[in-house]
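Reading through the structure tokens given below for one structure.
The values are calculated or read from the model by the stated rules, or taken from the named source; none is laboratory data. Bear in mind that the values here come from a model prediction, so they are computed numbers and not experimental data. All Cβ positions, glycine included, derive from the backbone under ideal geometry; neighbour counts span all protein chains shown. Each accessible area value is taken on the protein alone, full model and side chains, heavy atoms only, with ligands, DNA and RNA left out. Shrake-Rupley method; radii C 1.70, N 1.55, O 1.52, S 1.80 Å.
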Amino acid sequence: MDLRNTRRRLLTLVLTAGALLLAIPGQATAAATPTTPSGLPSAIEPLAGYVPADSCDPTAKPGVVAFGELLTATYPTTGYGISRSCGSDPLPTSEHYDGRALDWSTSARTRAGRARAHAVIGWLFARDAAGNAYANARRLGVMYVIWNNRIWGAYRAGDGWRPYSSCASHPEVAWDTTCHRDHMHFSFSWEGAMRRTSFWTRQVAAADYGPCRAADLNWAGHYTRPNPSRCASYPTVHAPSGASSLVRSLYTWSGMWLHRGSTGPAVAAVQQALGTTADGSFGPATRAAVIDLQGRHGLTTTGGMNPATWRALLSQVTPPAPATAATRTATHSRLTRYLDVVLRRGSHGRAVAALQRRLHQPVSRHFGLRTRHRVQGFQRRHHLRATGVVRRSTWRALGA
């Protein structure tokens, strides 16, 4: 009888200890998974293609914020980060610069950290009720994941988890951040980042390729609207041979959308070129210097570094290459010969004809009202002052 009572007491103690263990913060959520919305359609987005970062707008995008909030609601002891100053990453570019990448804090060196990570990965990759593989990853627009020395890409899902960089050779704690052992990295498609995917809307989102860069600049402008067409691929633009370190730096960052509040090495390079204090923080003095540059080049005075302003700055700091017979021949039939020609309503001649051909309008060799309207429309699209007068800045934007 006493033996039975002792066994009952021991069982009670075990059950009580188990209940207390489950009540410890962080323990009960270790194997939990995020909540999947109800009412999702059977149709689903394809696995996200690879659309690398090519712009500078580190404002946290709504779909990325919502995913971070979902993770921290499921795992209250964790946190996340999204934005990063453009140019501050060791890699040439990062979706953090677009505000469409998230770093979620969970450690591969702890049992709870590994359990959380494995639970999230299993949840992302599991089939849904309709049999769709990688269902939540597709509905969220997850483009790739980096965790614990390895990377998985939706665009290479058949390859599974692949080694990430040289991390397998660096087990030391000092490499934990580089090798994503103290956090998990998620990069998102543009439709996922903008919270248009079916996980949030219950409607399958169309592909969005984000902003596209111009051939003569290395970075695109900021995201303004969905882009259903894949961007053209251009080679990296380099400074001329023998250029100073500052000019090389400016070419590296050329095209980045910088404005008041921007920070980082790209801002510092622009400040140095404009003769303001190069502290890497875009404040009132930098804005005033940019407005001055825009005014001197006949551009719309926005106070921010847009493509037209970058072209003006690069033309100002880059010495012209010496002309050769070959370059003269190569540019003979192009618009370059008209760089110093000013055209306005009433102008006549070959320069007007070249302008009209470039604007895809009938060639009359006469600069009339229709040509003026075409020029103004072109100037507005390229952030130039819409005067209808063609000067050097407009010729440059036209391709001269």
Selection from the stretch 337-360 of residues surrounded by 12 or more Cβ atoms within 10 Å (Cβ to Cβ) and either modelled with pLDDT under 85 or of a type in the set (D, E, K, R) (or both) yields Arg337, Arg344, Arg345, Arg357, Arg358
Just a yes or no: is a residue in the stretch 282-294 modelled with pLDDT of 95 or more and in a loop (DSSP other than H, G, I, E, B)? yes
Among residues of the stretch 153-187 being touching a strand residue (DSSP E or B) at 6+ places or on another chain (Cβ under 6 Å) and among the aromatic types (Phe, Trp, Tyr), the residue nearest to Gly210 (Cα to Cα) is Phe186
How many residues of the stretch 59-108 are touching a helix residue (DSSP H, G or I) at 6+ places or on another chain (Cβ under 7 Å), among the hydroxyl-bearing types (Ser, Thr, Tyr) and not in a loop (DSSP other than H, G, I, E, B)? The answer is 1
Per the filter on the stretch 277-299, residues among the hydroxyl-bearing types (Ser, Thr, Tyr) and crowded, with 18+ Cβ neighbours inside 10 Å are Thr286
Quiz item: If you go through the stretch 175-184 one residue at a time, do you hit one that is of a type in the set (A, V, I, L, M, F, W, C), touching a His at 6+ places or on another chain (Cβ under 9 Å) and buried (at least 18 other Cβ atoms within 10 Å of the Cβ)?
Solution: yes
Only one of (1) in contact with a helix residue (DSSP H, G or I) (Cβ under 8 Å, 6 or more places away or on another chain); (2) open to solvent by 100 Å² or more (accessible area, probe 1.4 Å) does not apply to Leu398, and that is (2)
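Given the options Ala325, Ala330, Ala312, Ala321, name the one that is modelled with pLDDT under 95 and open to solvent by less than 40 Å² (accessible area, probe 1.4 Å).
Ala312
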query: Quick check: is even one residue across the stretch 149-162 open to solvent by 30 Å² or more (accessible area, probe 1.4 Å), more than 20 Å from Ala66 (Cβ to Cβ) and of a type in the set (Asp, Glu)?
result: yes
